[in-house]
Structures are given as C-alpha cells and as structure tokens.
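The values are calculated or read from the model by the stated rules, or taken from the named source; none is laboratory data. Here the structure is a predicted model, which means the values were calculated and not measured. With ideal geometry, Cβ positions are generated from the backbone for all residues, glycine too; neighbour counts draw on all protein chains shown. For accessibility, only protein heavy atoms count, side chains too; no ligands or nucleic acids. Shrake-Rupley method; radii C 1.70, N 1.55, O 1.52, S 1.80 Å.
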Amino acid sequence: MSILVDENTRVVVQGITGREGAFHTKQMLNYGTVVAAGVTPGKGGKQVKGVPVFNTVYEAVEKESANVSCIFVPPPSAGDAIMEAASAGLGVIVCITEGIPILDMVKVASFLKDKNSVLIGPNCPGIISPGKTKVGIMPGPIHKPGGMAVISRSGTLTYEVVDQLTRAGLGQSTCIGIGGDPIIGTTFIDHLKRFKDDPETKGVVLIGEIGGTTEEEAAEYIRKEFDKPVIAFIAGQTAPPGRRMGHAGAIISGGEGKAENKIKALEDAGITVALDLGSLGKTASKIMGKS
Amino acid sequence: MKLHEFQAKDILGKAGITVPNGQLVTTSDQATTVVQIIKGPPWMIKAQIHAGGRGKGGGIKVAHYPYEVVTATESLLGKPLVTRQTGPDGVVVNQVLIEEGIDIDREYYLSVSIDRSTAEPVMIFSQAGGMDIEEVAAQSPALILKEHIDPVVGWMPHQARNLVYKLDPPAQPATIRKFISVMANVYRIFLTLDCSLVEINPLAITKDGRIIAVDTKISIDDNALFRQKELLEFEDTREKDSLELMADKYHLSYIRLKGNVGAMVNGAGLAMATMDVIKMAGAEPANFLDVGGGASEEMVTKGLEIILKDKRIKAIIINIFGGILRCDVLARGVLAAAKKKSIRVPLIVRLEGTNVEEGKEILRNSDLKFLVANNLAEAAKLIAKQVSKAE
C-alpha cells in the first residue's frame with residue numbers, strides 16, 4: 001500500500017501547455033504515471049505529449065475520470081486553479097507553484113474547509129509512491145519501493161534524503177513534499193495520521209525547517225499517538241532570525257520557528273533527530289534495524 | 001517588502017487614521033525650515049530605517065528647542081545607526097522624520113498579521129502598548145487579545161467590541177468608537193495592500209481624547225507585488241547589501257551571512273542544510289544561496305560570480321542535487337564563471353542526481369582545480385580540512 005496516490009491515480013495537469021507543465025507531464029509519463037488529461041483555459045481540444053487538453057477541470061474529470069490534480073499554473077491564478085480542482089471533486093490536489101500571494105492562500109484554505117480534497121503544497125515537489133506513480137517534479141530514479149515514508153517541507157533536500165535512504169537499502173512507501181509556504185494545504189500531522197494506518201509504512205522520515213511550529217505540533221502528536229519509528233531532520237540551524245531563507249515560510253520571527261526549538265521538541269518526544277544531514281541514511285538504517 | 005515609518009504613516013493618514021503632523025527631511029537645512037511649520041515643542045526626530053529597535057539604539061530623539069531639532073537631525077543623517085536588528089555595522093540613516101510631539105495619556109498596541117496555524121488573518125490588540133509585543137507575550141500573555149478574521153466575511157464590528165470591552169480599566173465611550181473605527185481601517189489597509197503586517201505601536205490616546213498612530217510598521221507580501229505595482233515606488237534598496245541587490249537582479253535567492261565559506265546550492269532546504277553542514281564542520285557559512293530548482297547555466301554563473309565577489313571567502317562548496325537542474329548545466333555554468341574571474345580559493349564540488357556523470361566529466365576535462373566530494377559526509381570533511389589549513 002501507499003497513501004493518497006497509487007497505480008489507480010489518474011492525473012490531470014493544470015497548466016499543461018506551459019513550459020513547466022509540458023516538461024513535467026513528459027517526466028511523469030516516463031515514470032509510468034497515468035496522465036489522463038491536461039487543462040489550460042482556451043486550449044481545449046489540443047494535445048500535449050499525447051494527453052488531451054480541456055478548458056476546465058470539470059471536463060477533464062467528466063471525460064477522462066481524472067482523480068488527482070497536479071498544478072503548474074503561475075502564481076496570479078494558482079489559487080483559483082486549486083479551488084477549481086476542489087470544485088470538480090478531485091480527491092488529491094498537488095500544487096507545485098511557488099509564489100502564490102498569502103491572502104490568496106487564506107481564501108483557498110477557507111474554501112477547502114467543506115470540500116473533500118487533500119491539498120499538497122503549494123511550493124512543493126509533489127508526491128510519489130515509488131514504483132506506482134509520481135505526481136510532481138521529483139527525479140524518479142532515486143526512489144525505490146519499500147517501507148519508509150518521507151514527509152518534508154523542502155524539495156531538493158528531500159531528494160538528498162531519499163537518495164541516502166535508497167542507498168542504505170531503505171525503499172519508500174510514499175514521499176510527500178508538503179511545501180515551503182507559510183500556508184500549506186496539509187502538514188506533518190495530516191500525513192502522519194495516514195501513514196499510521198498504512199501497513200506498508202514501517203517508519204517515517206520527517207524533514208522540517210525553520211519557521212512556524214508545525215514540527216513541534218508533529219512531535220506532540222507522535223509522542224501521544226504514533227507508534228512507528230520516526231527519524232527527523234531540521235534544516236536551518238545556522239539561519240539568522242528575521243530573514244526569509246528562500247522559502248516564504250522559512251523565517252524565524254519573534255523567537256518562534258527556531259531550529260533549536262524544533263529539535264528539542266522532537267527529542268523530548270523521543271524522536272531521533274539526525275543533526276548531521278550526511279549521516280541521515282545511516283541513522284535511519286540503524287533505527288530500522290538494517291545494520 | 002518593508003515600508004519606512006513615514007510611508008506607512010502616509011498610508012494610514014489617507015485611510016483616515018490620525019497620525020502626528022510630520023515632514024521628512026534629508027538634510028539639516030531642511031530641518032531648519034520644517035521646525036517652523038511643525039507644531040512644537042516638543043518635536044520628535046526619528047531615523048527612517050527598516051530595522052526595529054530604533055528607540056533603544058538612539059535613532060529617536062526628542063527636541064525642546066528649534067536648534068535641537070537641527071542638531072538632532074545632523075547627528076542622525078549620514079551616520080550608521082546600530083540597533084538590535086541591524087547587526088554590529090548598523091545601517092546608514094538617509095532620511096529623518098520630524099514630527100510634533102504627542103501628549104500621550106495611554107498607549108495601546110494594534111496589529112493585523114497572518115496566523116500560520118489557522119491560515120487566517122488575526123487582529124491583535126493590547127493595552128500594553130509602546131513595548132515590544134513579543135516581550136508582552138512572554139511576560140503577561142493575558143494582556144494580548146486576539147480576534148481571528150474569517151476571510152470570506154471580513155472584519156466585523158462585534159469583533160472590535162470583543163476586543164475593546166475587555167480593556168481594564170474600560171475606555172470612554174467616545175474612545176471605544178474611535179478604536180472600532182481604527183480597527184476597521186487597519187484591516188482594510190491590510191487587505192487592499194496585500195500586507196503581511198500592519199502594526200501600530202503605540203496607538204495613543206492623547207490627554208485631549210484623540211487617538212493617534214504614534215509609530216507604525218507595514219510590510220507587504222513580496223508574492224503579491226505583481227498586483228501592488230504602485231507600492232514598488234516605496235522600495236528603498238539603499239539599506240540592502242550590494243551582493244544581495246545583485247542577486248535580486250538575477251532572481252537568485254541570496255542572503256549574506258557572517259562566515260567565510262561560500263555555498264552554492266539548488267533548493268532552499270538543501271541550501272539551509274548545507275549551511276548547517278559547514279557549521280558542523282567547524283566553519284561559518286558566508287552566505288545562503290539557492291540557485292533554484294530549475295536554474296539556467298547563466299544563473300549558476302551569476303551565483304558563483306556573486307560568491308567570488310565576497311572578499312571574505314576562504315573556501316567554496318557547490319552542493320547540487322540535480323533534479324530539474326541538470327549537473328551538466330551546472331558544470332558549464334561553473335566553468336563560465338571561472339573563465340570570467342579566477343577562483344583563488346579551494347572549491348569543493350558535490351554533484352548528485354540528473355546527468356551527474358556528464359557534469360563531472362565536464363569539470364574533469366577543464367583546467368579548473370577542484371576537490372570532489374562524493375557525498376555530504378565527505379563534503380563536510382573537506383570543508384573542515386580546508387578551514388583548519390586556512391587558520
């Protein structure tokens with residue numbers, strides 16, 4: 001098993017005719033993902049890499065039974081694109097777009113409250129269930145099917161961690177990049193709850209970074225309710241306060257969001273925190289009883 | 001994007017919130033004229049820099065005679081002001097705001113920002129105004145009152161009542177009406193200008209019952225600047241580091257830090273983690289540089305050029321996990337930069353991911369001198385070795 005996406009996933013790519021959308025449609029198809037449809041308003045009737053393009057997500061669902069969306073729409077319209085996907089009833093919405101205004105995300109978060117959609121991102125690499133499907137922009141070949149779940153606020157840092165896991169002989173059930181923005185659709189706890197009930201997932205790697213308090217909240221949840229082994233890493237131990245470190249959400253403000261607070265909360269909850277990124281694979285291997 | 005106090009007060013004033021009468025000056029000659037127009041004594045002379053902590057840093061002065069206004073202005077203009085937020089070198093003061101002194105009876109705190117945990121705007125109100133709100137939160141959290149705002153409904157009058165009727169001692173009915181009006185105006189500014197913060201601290205009640213925004217801070221959401229173009233004229237880049245400005249021009253995410261090991265990385269998370277690796281190896285990172293998940297050869301070249309312009313650099317690490325950014329593109333970008341400016345410090349290269357072999361091949365076949373790290377653990381060791389050599 002895996003969570004949220006698998007071999008039954010039928011992706012609709014929103015913004016499929018753009019440069020990024022077209023490129024990653026090809027990459028997803030190469031990985032074996034079923035890209036059932038694309039959407040670009042005004043470009044309905046065209047094809048991209050053999051994938052039919054529609055004017056609305058609603059049509060893509062009706063005609064091609066798409067059930068997961070992957071959004072590459074530019075920031076000014078990305079919030080609207082998320083709401084369109086939710087209105088069309090898609091169960092999982094992955095938003096790759098970076099740079100959405102925060103007030104747009106406030107509206108999106110409010111809009112999604114009474115919908116049955118799970119939003120991953122924005123500003124994220126997406127989600128992959130190795131060997132089954134990839135919905136996003138991560139390099140496919142570094143992943144291997146197995147029992148480790150990965151939940152991360154970052155992109156390339158996730159690839160680094162997955163690569164180390166694979167090299168250490170630890171394959172992955174599902175890897176999720178939850179996004180680097182201050183307001184994201186789902187956070188660590190949302191996915192930990194799913195991994196808890198996923199029999200294939202034997203352990204979790206949680207990759208956090210400075211900014212906000214979601215790692216602290218995850219630590220509390222894990223301490224109370226999560227039995228599988230968790231290995232954590234927090235980026236930004238050397239980040240200065242008050243500066244945004246690339247990601248819009250990666251900022252220490254008013255004593256909140258420091259790496260040390262997060263590491264302490266995680267360790268207090270009995271979670272192994274790898275302080276040294278280079279050794280994370282080995283640490284995971286030890287915890288999972290592989291070496 | 002941060003606005004200066006005088007810019008923020010201009011916005012408040014236009015929205016119907018009373019601010020002190022004041023005038024911006026850039027020379028002490030102007031101060032001589034301004035003091036004749038602005039009501040006083042006393043006068044307030046306030047350095048206009050983006051960093052907070054100006055009061056304690058000596059950036060806000062009170063003058064009781066016109067000549068003091070001029071000398072105070074002179075003492076601030078053109079000189080670096082050091083506050084707890086500026087770093088040890090301080091920030092040069094280019095502009096000074098001269099204002100009428102306000103006869104304050106009580107001070108309050110009022111702000112709107114985004115609460116990340118609820119994904120909603122939140123109005124924060126406190127009777128402990130004029131102080132650092134984080135200190136108030138730590139010492140007397142009961143004095144901090146909050147109302148979350150439903151983005152669909154907007155700010156409602158009952159929410160304002162919830163806040164003002166909790167004041168102890170209670171405010172006068174006329175003052176309550178004024179608070180309610182200011183709160184509605186502050187939320188409207190927050191919404192229409194795509195702010196990430198609108199803060200009035202202190203929001204003062206004067207002895208004659210007026211309500212005045214004595215100091216204010218406004219920050220605009222950078223992601224929304226595409227639809228707030230008229231605010232772009234408020235941008236003051238003079239306080240920015242010159243290398244950071246250059247990076248902005250090429251859309252590179254670069255932050256200058258205090259150390260001497262330069263780093264070029266793709267992706268913000270990996271860039272932060274690489275800074276941490278440098279620190280754990282016993283050195284200090286000189287910068288954060290994320291060339292981006294899908295950087296072009298030119299962006300890589302510009303990124304490395306910026307690092308090479310930093311005179312403090314003793315070693316450089318390039319840490320790339322190729323995904324969309326291919327390692328061969330990275331390698332060509334590095335060589336292009338090395339051609340323009342010779343690299344005189346040890347260069348540690350760690351490449352992984354898409355087209356890693358082609359990337360390494362390109363570097364090996366060039367006359368560039370570099371050290372190869374096959375993984376992050378090796379990279380850390382190489383950094384430690386180079387740093388101990390340099391010392």
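For the stretch B:237-288, rounded, prolate or oblate, judged on the Cα gyration tensor with a ≥ b ≥ c (square roots of eigenvalues), a/c < 1.5 rounded, else prolate if a/b > b/c? Cα axes put the stretch B:237-288 in the oblate bin.
Please identify every one of the trypsin sites (Lys or Arg not before Pro) in the stretch B:287-339 that sits in a loop by DSSP and has no more than 16 other beta carbons within 10 Å of its own beta carbon. Taking the stretch B:287-339 and a limit of 16 other Cβ atoms within 10 Å, the loop trypsin sites (Lys or Arg not before Pro) found are B:Lys311, B:Arg312.
The angle separating the long axis of helix A:214-225 from the principal Cα axis of greatest extent in chain A is about 70 degrees.
Take each residue in A:244-256, count the other chain C-beta atoms within 10 Å of its C-beta, and the mean is 5. Please label the shape of chain B as rounded, prolate or oblate, based on the square roots a ≥ b ≥ c of the eigenvalues of the alpha-carbon gyration tensor (a/c under 1.5 means rounded; beyond that, a/b larger than b/c means prolate, else oblate). Verdict is prolate for chain B.
Residue pairs exceeding 23 angstrom between C-alpha atoms, taken from B:Lys360/B:Lys381; B:Lys14/B:Lys229; A:Lys262/B:Lys217; B:Lys314/B:Lys340; B:Lys46/B:Lys166: A:Lys262/B:Lys217; B:Lys46/B:Lys166.
Using only Cα coordinates, the Kirkwood hydrodynamic radius of the protein assembly as shown works out to 26.9 Å.
Loop-resident GluC sites (Glu not before Pro) (DSSP state other than H, G, I, E or B) in the stretch A:228-287 with no more than 12 further Cβ atoms inside 10 Å of their Cβ are absent. Working from label points 7 Å from Cα in the Cα-to-Cβ sense, the A:Ser110 to B:Leu245 distance is 4.0 nm.
Using the Cβ-Cβ distance between A:Glu267 and B:Glu357 with R0 set to 35 Å, the FRET efficiency from 1/(1 + (r/R0)^6) comes to roughly 0.35.
Counting pairs of Cα atoms in the stretch B:171-210, how many percent are more than 10 Å apart? Of all Cα-Cα pairs in the stretch B:171-210, 74 percent lie more than 10 Å apart.
For the stretch A:85-186, the set of trypsin sites (Lys or Arg not before Pro) satisfying both a DSSP loop assignment and a count of at most 11 other C-beta atoms within 10 Å is given as A:Lys113. Residues A:Asp190, A:Asp227, sorted by accessible area with the largest first, give A:Asp227, A:Asp190 [1.4 Å probe; ligands and nucleic acids excluded]. Lys-Lys pairs in the stretch A:12-130 that are eight or more residues apart or on separate chains and whose Cα atoms lie under 20 Å of each other come to 7.
As a calculated quantity, the FRET efficiency between B:Asp29 and B:Ala142 at R0 = 51 Å, using C-beta atoms, amounts to about 0.55.
Placing a label point 7 Å from the Cα of B:Arg177 along the Cα-to-Cβ direction, the residues of the stretch B:206-250 whose backbone N falls under 17 Å of that point are B:206, B:208-212. Rolling a 1.4 Å probe over the protein heavy atoms leaves B:Lys340 with an accessible area of roughly 130 Å². Surface listing: A:Ile252, B:Ile324 arranged by accessible area from highest to lowest gives B:Ile324, A:Ile252, probe 1.4 Å.
Work out the FRET efficiency for A:Thr56 and B:Thr118 from their Cβ-Cβ distance, taking R0 = 35 Å, and round it to the nearest 0.05. Computed FRET efficiency for A:Thr56 and B:Thr118 comes out at 0.65.
Computed over the protein assembly as shown, the per-residue total of -39500 (n - 2.57) for DSSP H runs of n ≥ 4 gives a 222 nm mean residue ellipticity of -10500 deg cm²/dmol, rounded to 500. Quick check on the stretch B:240-390: take the gyration tensor over C-alpha atoms, sort the square-rooted eigenvalues as a ≥ b ≥ c, and tell me if it's rounded (a/c under 1.5), prolate or oblate. Rounded, because the longest to shortest axis ratio a/c is under 1.5.
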